[in-house]
Structure formats: structure tokens, C-alpha cells
Amino acid sequence: MKDILTAPFIVEMIRTATNMYDHGWDERNGGNISLLLDEAEVGEYLALDTVLRTISTGFSAPELNGKYFLVTGTGKYFKNVQYAPEVNLGIVRLTNGGESAELLWGFTDGGRFTSEFPAHMMSHVARLKVDGENKVVMHCHPGNLLAMTYVHTLDEREFTRTLWQMCTECIVVFPDGVNVLPWMLCGTNEIGEATAKKMETARLVVWAQHGIYGAGKDLDETFGLIETAEKAAEIFMKIAHLPRVNTITDEQMHQLEKRFGVKGREGYLK
Ligand code: 2HA
Ligand code: ZN
């Protein structure tokens, strides 16, 4: 059995959590990440028949039965993931139609997965239906996106168009746009279901006055997606109070679509 701390999925998770913390997106215990793992990949590092504990999830997700996830822990600080990965991270296998999670590694202080586990797992189900390669769901609290939800309409088309207009590459990176949920109580199955519904049509879902969810095929891509949206929100917050003299026009967006072979969300461009 190989040393799990050398597994590429653990190394990459540690680097990503650290990078997110360094970006200021994950103060205190803010944020959470889940990464879908291959059984064969996990089997190189862990005895798959050794279950440390079984934890009830409080929801069902039959689509994910038997699937393995590396996930951040509830109440854990991203800042500390690099110093004690086995305390702050865990590897679980969903069983019993997703109603139970078998802990195979991690959460060594008796902890459990993130309070946002429902939103993560339901979002995985939704994204896997759209893209069989989707492996990551990531949540964090980037300052400018959050700020924007206080001063910008939450209308999804308008919110997306504003972000697209803030940096040339935005429409290329997230042509599906950004979906937006109004403020809702976090950590519940309800916000999980609402987030998953929004994930059917976009890989980014803003939680107003709270943060953002991103989904993607690997940690780098998902990080980059949130990074790009947050950069656009940063530009918006720099200019929102100033007269706008120039912008990226819809005609220019159409040029970007052609040049990069992407298609902006239906009905979002004139
Ligand atoms: O505590 O970010 O949404 C982690 C969170 C909850
Ligand atoms: Zn949060």
C-alpha cells in the first residue's frame, strides 16, 4: 500500500485549499471542497474493506451510491489543511443510497465532512448529468463577488452580463454564465437542492451575501473558474461608483465567441 500523503489527489487538495486560503477566500472555517475519486485510485492507498466509521448524511443520493469523495471537514480551517491533512480532510464512500458515508481515512479527531455536504453531493449529481467528467465542487467566500451581491441586481442574466463585461476572457471561461441564489440558510438540504438545480445550467452559482459554488473536472479548472469570476467582480467593485465611459460590447462578445469557439448562454447577448 502506498503512502496516502503522497497521493496526487491529496497533494493537489492541500495545495488548492492553501491557495484558496492565501487568496482570502476562506477565512476561519469558511469554504469547503469535495473531489470525486476513482475506486482504483483510492485502492492504491487504502484497504477498501476497512471502514473506520459510518456517518449518516441526512439525505439520499442514489446516483452516488458506492462513489468515493475526498472532502474537507466541518469546522476545519483551510489554513490548517497543509499542516494536518488527516485531521482536516476525509475520504468517504457513499452507501445505502447516499444516506450513509463510510469513512475510510481522515477526520482523525472524530470530525465529519463539511456542513455543506448536501449542497456538494447534490451538485455532483447535477453536474455529472451534464458532464460525466465533472469531479469537483468547491465553495468559498471571495470578497468581491460577495460585495457585488449587495450592490448589483441578483437577476442572473444581468449579473452574468456585468461579469462578462469586466474582463475580456470571462465569456470564454464561463460562457454558461453565473446563476444566483437569493440569501438562504446555509448547511441545509434545501439550499443543497436549490444549488443543485442551479448547477444544471451553469458551473458557477453565487449564494447572495454568502459566497460562491464552482464545479469542474479538476481542482485547477474549478479554482480558475472562481478566480476568473472573482477578478471580474473585483473590477466591477472598482468601477461601480464611477461613470462608465467604455465597455465590452455585445458585438465584441460575439467576436470572442467565434474566435474561441464558445457560445454564450442562450438569450444573454443581444
Ligand atoms: O463553514 O462556508 O457555508 C463553511 C461554510 C459554510
Ligand atoms: Zn460558506
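Across the cross-link table entries LYS2/LYS76; LYS129/LYS197; LYS135/LYS270; LYS67/LYS129; LYS135/LYS258; LYS76/LYS238, which are compared at the Cα atoms, the separations over 22 Å belong to LYS2/LYS76; LYS135/LYS270; LYS135/LYS258; LYS76/LYS238. Between 0 and 90 degrees, the angle of helix 117-130 with respect to the longest Cα principal axis of the chain falls at about 70 degrees.
The angle separating the long axis of helix 250-260 from the principal Cα axis of greatest extent in the chain is about 50 degrees. Only Lys, Arg, Asp and Glu carry charge here, each on its Cβ (+1 for the first two, -1 for the last two); on that basis the chain has a dipole of about 560 debye about its Cα centre. Ranking THR228, PHE260, LEU181 by how far each Cα lies toward the positive end of the dipole of the stretch 152-270 (charges on Cβ) leaves PHE260 at the top. Highest mean packing comes first when the peptides 127-135, 254-262, 144-152, 211-219 are listed by Cβ atoms within 10 Å, giving 211-219, 144-152, 127-135, 254-262. Compared with the rule-of-thumb size 2.2 N^0.38 Å for a compact globular protein, the stretch 20-71 has a Cα radius of gyration ratio of 1.47. Evaluated at q = 0.18, 0.27, 0.28 Å⁻¹, the base-10 log of the normalised Debye intensity for the stretch 64-127, with identical point scatterers placed on the Cα atoms, takes the values -0.61, -1.17, -1.22.
In the chain, the longest principal axis of the Cα atoms and the axis of helix 219-239 are about 40 degrees apart. With all pairs of different C-alpha atoms in the average, the Kirkwood value for the hydrodynamic radius of the chain is 19.0 Å.
If r is the Cβ-Cβ distance from TRP183 to ASN80 and R0 is 30 Å, what FRET efficiency results, to the nearest 0.05? The pair TRP183/ASN80 has a calculated efficiency of 0.55. Probing with 1.4 Å while keeping every protein chain in the model, the per residue accessible area of the stretch 70-141 equals 31 Å². For the stretch 73-230, the Cβ-based charge dipole about the Cα centre amounts to some 140 debye (Lys, Arg positive; Asp, Glu negative; other atoms uncharged). Normalised by 2.2 N^0.38 Å, with N the number of residues, the alpha-carbon radius of gyration of the stretch 168-270 equals 1.16.
The values are calculated or read from the model by the stated rules, or taken from the named source; none is laboratory data. Fair warning: this is a prediction, and the values are worked out from it, not measured in the lab. Positions of Cβ are generated from backbone atoms using ideal geometry, with glycine treated the same way; all protein chains shown enter the neighbour counts. What goes into the accessible areas is simple: the full protein's heavy atoms, side chains included, and nothing from ligands, DNA or RNA. Shrake-Rupley method; radii C 1.70, N 1.55, O 1.52, S 1.80 Å.
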